[in-house]
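Chemist: One structure follows; several queries about it will come next.
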Amino acid sequence: MTEHLHLLHILHELQQKHRYISEKSICEVAAQLSLPVSQVRAVVAFYAFFYSTPCGHYHILFSNCTSCGYRAGGTDLLRLLSQKLSVNIGQTRKDEQVSIDETSCIGMCDHGPSLLINGVPLVHLDAEKIEQMATLIEADKPLNGWPPAWFHVKDHIYKRGLLLDSSLSAGDGLRATLTRGREGTLTEIIQSKLRGRGGAGFSTGLKWRLCQQAAGEAHYVVCNADEGEPGTFKDRMLLQQHADALCEGMTICAYVIGAYQGFIYLRGEYRYLLPHLQATLMHRRKLGLLGTAILGQTEFDFDIDIVVGAGAYICGEESALIESLEGKPGIPRSRPPFPVAHGYLGQPTVVNNVETLIAATHIACKGSAWFTALGTPASTGSKLLSISGDCAAPGIYEYPFGITIQQILDECGAVNVQAVQVGGPAGTLLDQTAFNRQLAFEDVGTGGSFMIFNQERDILTIIHQFAAFFAHESCGFCTPCRVGTILLKQGLDKIMIGQGARNDMAELQRVSELVRRYSHCGLGHTAANPILDGLQYFSQAFEQRLTPYDFTARFKLDAALQEARQLTRHDGKEAHLEQGQD
Ligand code: SF4
């Protein structure tokens, strides 16, 4: 591992050991790795899972995911936990035994409400479990003595399709690749019309071709396993059950583009999967499927390192992910140049997501015709969905592209549906009139999140939660997003408490369009989507909360001028507004 990769790794270890990262540790790490102190300090400050003051021995992060966290009284459970342990939310108790905070979706929407305790998911919370947790924490019982069922994360696969039904043995895709050769394999990937499953839908074959043709001292393959879009959890299952096919997809890509090194960038919330992934890599090395002279080919060397993220949603954006891999804050780069030409360490880099790489392994083995037999002409193959929210069976479903929203709702047992959020908060909010639309890149695209909201849900609360999510996750680099997302949240705050007027709706529209148009990266371009969709399809939900007045001040102007009057020593009648003017 090079120094910058060591940095995140060492910071994670320090965080685990001391429960925070002190200024002294920052200086020592900087000296150890010959990095500027300012760089190490900036990294610690940027990532949510690195703390500058001590967390508790039991550090609890309660998922506030819109889809599951607030379902079944998630907020009440959080309050109950805080009350039972006598610690405020967002704080560490004085004796440092416990700290509690909220966090964005932890990828357990099919197990909600849920939380992470010392990085381990604890699922299906209820009041009884919360009470028992509090007792165990006060008794200082180690987590391995807690009921094992509390930590049992199931796959919840309810519908298998092209990928999940297809069986492969380790090495099958690689052997087929070596038989076809570099060009033959790339042609097969191009002919399959495989598009990136992360949501953007860029052609995988073209990405590999561009990277292969780009000049550089080294080429790299990166797996984006930073599945952070609220409502998405299918990569969790893929990493658990199909890690072998994932590593094989990376190795096939490496063979095609000429890379010797790859990285899996694993989201911090999935750190508990690290031992399993490391064991998979070890096993593949033993089988000769990773390392030097892969499958006996003396000129085919490739290996994979795993880098664990630290709670920054923005690192799902590929250039921010590369910055993070380089041991920096995950701030998106200006593009062009694109990562295929100027990626990790300035070298040509392919970044593909988990599902894409697994699909590539299957295509390499079974051929493009197997893949294009399903789907639509512009969206071939199948898509894995993480279905959550108000339905009978939240879980993972695989469908061929082209299926309608209504068909999906029928299969997962969703009734009385008011709205569906496809693609997470950055995606599309659909009302009932749109349920005949198709799941496809050319119609309703998605990275995999499919949240269902029934008629009992307050749609404005959901939009408000999405706005709060983006205001929190904005990396702060560019003004339109940093300021705009806060303004949008504040505008919604005002409407939520019944103080919004019609012109506030117009202002939300105006600011949303500014944020969408002028932000630097994809997060900003999509952050206003829920508000814009809400204003278009659920305008009644906004209107019902408006005050009957055209304008309502957020504060009393006359009272606000009191300090100025005191400072200028003018507090006569003339220095006050007429009654009704303020
Ligand atoms: Fe950061 Fe938002 Fe600007 Fe992207 S759009 S660079 S997330 S501030």
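Chemist: Under 7 Å by Cβ, and 6 or more places apart or on different chains, what pairs join a residue from segment 121-137 that is surrounded by 21 or more Cβ atoms within 10 Å (Cβ to Cβ) with one that is of a type in the set (D, E, K, R)?
Modeler: Pairs that qualify, where the first residue is surrounded by 21 or more Cβ atoms within 10 Å (Cβ to Cβ) and the partner is of a type in the set (D, E, K, R), are Ile130/Lys84.
Chemist: Please go through segment 397-421 and pick out each residue that is part of a strand (DSSP E or B) and closer than 14 Å to Met451 by Cβ.
Modeler: Step one: list which residues in segment 397-421 are part of a strand (DSSP E or B), which gives 397-400, 404, 417-421.
Correct list: Tyr397, Val417, Gln418, Ala419, Val420, Gln421.
Chemist: Could I ask something else about it? How many residues does segment 284-336 hold that are without any contact (Cβ under 8 Å) to a residue 40 or more places away in the chain and either in a loop (DSSP other than H, G, I, E, B) or more than 16 Å from the ligand (Cβ to nearest atom) (or both)?
Modeler: We begin by selecting, within segment 284-336, every residue without any contact (Cβ under 8 Å) to a residue 40 or more places away in the chain; these are 285-286, 288, 291-293, 296, 298-299, 323, 333, 335-336.
After this cut, where a residue has to be either in a loop (DSSP other than H, G, I, E, B) or more than 16 Å from the ligand (Cβ to nearest atom) (or both) as well, the list is 285-286, 288, 291-293, 296, 298-299, 333, 335-336.
Total satisfying the criteria: 12.
Chemist: Does Asp76 count as surrounded by fewer than 18 Cβ atoms within 10 Å (Cβ to Cβ) and in a helix (DSSP H, G or I)?
Modeler: It is true that Asp76 is surrounded by fewer than 18 Cβ atoms within 10 Å (Cβ to Cβ) and in a helix (DSSP H, G or I).
Chemist: State whether one or more residues within segment 312-321 are more than 16 Å from the chain's Cα centre (by Cα) and of a type in the set (Val, Ile, Thr).
Modeler: Checked segment 312-321: no residue is more than 16 Å from the chain's Cα centre (by Cα) and of a type in the set (Val, Ile, Thr).
Chemist: Report yes if some residue within segment 490-504 is crowded, with 18+ Cβ neighbours inside 10 Å, within 14 Å of the ligand (Cβ to nearest atom) and in a helix (DSSP H, G or I); otherwise report no.
Modeler: The answer is no; no qualifying residue exists.
Chemist: Quick check: is even one residue across segment 397-416 buried (at least 20 other Cβ atoms within 10 Å of the Cβ), on the phi > 0 side of the Ramachandran plot and touching a residue at least 60 places away in the same chain (Cβ under 8 Å)?
Modeler: No, that holds for no residue.
Chemist: What is the residue count in segment 450-480 for residues that are within 16 Å of the ligand (Cβ to nearest atom) and of a type outside the set (D, E, K, R)?
Modeler: Total satisfying the criteria: 14.
Chemist: So for segment 542-549 (the condition being over 17 Å from Thr461 (Cβ atoms), touching a residue at least 40 places away in the same chain (Cβ under 8 Å) and out of contact with any Asp or Glu (no Cβ under 6 Å at 6 or more places or on another chain)), does at least one residue qualify?
Modeler: Taking segment 542-549 and keeping what is over 17 Å from Thr461 (Cβ atoms), we get 547-549.
Now restrict to residues that are touching a residue at least 40 places away in the same chain (Cβ under 8 Å): 547, 549.
Restricting the remaining residues to those that are out of contact with any Asp or Glu (no Cβ under 6 Å at 6 or more places or on another chain) gives 547, 549.
Yes, some residue in segment 542-549 is over 17 Å from Thr461 (Cβ atoms), touching a residue at least 40 places away in the same chain (Cβ under 8 Å) and out of contact with any Asp or Glu (no Cβ under 6 Å at 6 or more places or on another chain).
Chemist: Determine, yes or no, whether Phe538 is in contact (Cβ under 8 Å) with a residue 60 or more places away in the chain, hydrophobic (A, V, I, L, M, F, W, C) and touching a helix residue (DSSP H, G or I) at 6+ places or on another chain (Cβ under 9 Å). Give the steps one after another, and end with the answer.
Modeler: On the way: in contact (Cβ under 8 Å) with a residue 60 or more places away in the chain: yes; hydrophobic (A, V, I, L, M, F, W, C): yes; touching a helix residue (DSSP H, G or I) at 6+ places or on another chain (Cβ under 9 Å): yes.
So Phe538 fits the description; yes.
Chemist: Follow-up question, since we're still on this one. Given the structure, is Arg516 more than 20 Å from Gln421 (Cα to Cα) and not assigned by the TED database to the domain that holds Asn64?
Modeler: So Arg516 does not fit the description; no.
Chemist: Can you name the number of the only condition in (1) surrounded by fewer than 16 Cβ atoms within 10 Å (Cβ to Cβ); (2) under 21 Å from the mean Cα position of the chain (by Cα) that Thr485 fails?
Modeler: Just one mismatch for Thr485, condition (1).
Chemist: Right, another one. Taking the conditions exactly as written (more than 19 Å from the chain's Cα centre (by Cα) and assigned to a loop (DSSP other than H, G, I, E, B)), does Cys391 satisfy them or not?
Modeler: yes
Chemist: Here's a follow-up. Of all the residues that make up segment 40-54, how many are part of a helix (DSSP H, G or I) and either crowded, with 20+ Cβ neighbours inside 10 Å or in contact with a strand residue (DSSP E or B) (Cβ under 8 Å, 6 or more places away or on another chain) (or both)?
Modeler: Kept after step one, since they are part of a helix (DSSP H, G or I), are these residues of segment 40-54: 40-46.
Among the residues that remain, those that are also either crowded, with 20+ Cβ neighbours inside 10 Å or in contact with a strand residue (DSSP E or B) (Cβ under 8 Å, 6 or more places away or on another chain) (or both) are: 40, 43-44, 46.
The total comes to 4.
Chemist: Could you identify the single residue in Gly447, Gly424 that is more than 16 Å from the ligand (Cβ to nearest atom), buried (at least 22 other Cβ atoms within 10 Å of the Cβ) and assigned to a loop (DSSP other than H, G, I, E, B)? Break it down stepwise before answering.
Modeler: On the way: Gly424 fails: more than 16 Å from the ligand (Cβ to nearest atom).
Answer to the check: Gly447.
Chemist: Yes or no: Leu143 in contact with a strand residue (DSSP E or B) (Cβ under 7 Å, 6 or more places away or on another chain) and either within 29 Å of Ile363 (Cβ to Cβ) or modelled with pLDDT of 95 or more (or both)? Steps first, please.
Modeler: Numbers: in contact with a strand residue (DSSP E or B) (Cβ under 7 Å, 6 or more places away or on another chain): yes; either within 29 Å of Ile363 (Cβ to Cβ) or modelled with pLDDT of 95 or more (or both): yes.
When the stated conditions are applied, Leu143 passes them.
Chemist: Same structure, new question: What pairs come out if I take residues in segment 100-114 that are within 9 Å of Leu61 (Cβ to Cβ) and pair them with residues that are assigned to a helix (DSSP H, G or I) whose C-beta lies under 6 Å away, six or more apart or interchain?
Modeler: Ile100/Ser82; Ile106/Glu269
Chemist: Could you please find all residues in segment 516-558 being under 17 Å from Lys494 (Cβ atoms) and within 14 Å of the ligand (Cβ to nearest atom)?
Modeler: Ala528
Chemist: What number of residues in segment 82-105 are surrounded by 24 or more Cβ atoms within 10 Å (Cβ to Cβ) and modelled with pLDDT under 95?
Modeler: Counting residues in segment 82-105 that are surrounded by 24 or more Cβ atoms within 10 Å (Cβ to Cβ) and modelled with pLDDT under 95 gives 1.
Chemist: I'd like the full set of residues that are surrounded by 19 or more Cβ atoms within 10 Å (Cβ to Cβ), polar (S, T, N, Q) and closer than 30 Å to Arg271 by Cα, limited to segment 153-209.
Modeler: Across segment 153-209, the qualifying residue is only Thr204.
Chemist: Something else about it: Which of the residues belonging to segment 453-482 are within 18 Å of the chain's Cα centre (by Cα) and not in a helix (DSSP H, G or I)?
Modeler: Ser474, Cys475, Gly476
Chemist: Oh, and also: Need the failing condition index for Leu61 against (1) closer than 20 Å to Leu122 by Cβ; (2) in contact with a Leu (Cβ under 9 Å, 6 or more places away or on another chain); (3) at pLDDT below 95, just the number.
Modeler: If we test Leu61 against (1) closer than 20 Å to Leu122 by Cβ; (2) in contact with a Leu (Cβ under 9 Å, 6 or more places away or on another chain); (3) at pLDDT below 95, just (3) comes out false.
Chemist: If you don't mind, another one. Go through segment 186-243 and report how many residues are of a type outside the set (A, V, I, L, M), under 25 Å from the mean Cα position of the chain (by Cα) and not in a loop (DSSP other than H, G, I, E, B).
Modeler: Initial filter on segment 186-243 (of a type outside the set (A, V, I, L, M)): 187-188, 191-193, 195-199, 201-205, 207-209, 211-213, 216-217, 219-220, 223-224, 226-236, 240-242.
Checking which are under 25 Å from the mean Cα position of the chain (by Cα) leaves us with 195-199, 201-205, 207-208, 220, 223-224, 226-236, 240-242.
When the remaining residues are screened for being not in a loop (DSSP other than H, G, I, E, B), the result is 195, 203-205, 207-208, 220, 223-224, 234-236, 240-241.
Counting residues in segment 186-243 that are of a type outside the set (A, V, I, L, M), under 25 Å from the mean Cα position of the chain (by Cα) and not in a loop (DSSP other than H, G, I, E, B) gives 14.
The values are calculated or read from the model by the stated rules, or taken from the named source; none is laboratory data. It should be emphasised that the depicted structure is a prediction, and the values quoted were computed from it without experimental measurement. When we count neighbours, we look across all protein chains shown, and the Cβ atoms used for this are built from the backbone with ideal geometry, even at glycine.
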